[in-house]
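The values are calculated or read from the model by the stated rules, or taken from the named source; none is laboratory data. Predicted, not measured: the structure shown is a model, and the values here were computed from it. Cβ atoms come from the backbone with ideal geometry, glycine included; neighbour counts cover every protein chain shown.
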């Protein structure tokens with residue numbers, strides 16, 4: 001399984017991006033919302049990927065964050081929602097908005113995705129409502145607000161990576177977010193530095 005693809009963007013369409021990883025071009029399927037957020041052709045990118053293998057097909061689906069990838073993986077466990085349907089939903093709403101739609105039973109918003117009818121949207125809510133945490137949803141929303149409001153140049157991706165690393169170590173999402181938020185902003189900080197400082201705040 002390919003966990004991620006990092007390389008130079010060779011071409012972009014609304015549904016695909018070709019990533020040149022040093023002589024090999026990976027054709028990665030993406031949502032239209034992801035396409036709108038990609039840098040320009042020739043610039044470097046890292047996409048977290050889901051590998052779909054079938055008898056007649058080998059496909060990569062790419063996402064700009066692990067959070068988007070995890071939500072996509074939950075979506076495709078729902079009967080009637082394949083990878084294409086998962087991308088369609090994430091093309092009309094963010095992973096964060098999808099969580100709130102599931103928790104609030106908002107099938108109308110989910111059914112705005114191409115090819116997703118009301119019954120399928122209701123099935124998404126029914127199947128995933130017990131797999132979505134309100135606390136985690138609120139934390140993701142707060143994290144996005146912090147990143148959007150960050151005016152000092154700190155790499156929001158590095159901050160998110162640090163939160164994910166702390167949760168992987170066994171800390172709750174709320175404790176991880178609180179510890180990372182308490183780290184003084186510095187645009188030169190990498191993930192390792194943020195993580196070390198955040199760990200100090202947890203002891």
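Criterion applied to 89, 81, 2 was being buried (at least 18 other Cβ atoms within 10 Å of the Cβ) and in a loop (DSSP other than H, G, I, E, B), and the one residue passing it is 81.
Filtering region 127-141 to residues that are under 18 Å from the mean Cα position of the chain (by Cα) and either modelled with pLDDT of 95 or more or exposed (fewer than 13 other Cβ atoms within 10 Å of the Cβ) (or both) leaves 131, 134, 135.
Scanning region 98-126 for residues that are without any contact (Cβ under 8 Å) to a residue 24 or more places away in the chain, surrounded by fewer than 18 Cβ atoms within 10 Å (Cβ to Cβ), in a helix (DSSP H, G or I) and under 21 Å from the mean Cα position of the chain (by Cα) turns up 104, 109. Taken over region 61-78, the criterion of being within 20 Å of residue 25 (Cα to Cα) and surrounded by 19 or more Cβ atoms within 10 Å (Cβ to Cβ) is satisfied by 61, 62, 63.
Within region 5-49, if we keep just the residues that are in a loop (DSSP other than H, G, I, E, B) and within 13 Å of the chain's Cα centre (by Cα), the residue that is farthest from residue 89 (Cα to Cα) turns out to be 30.
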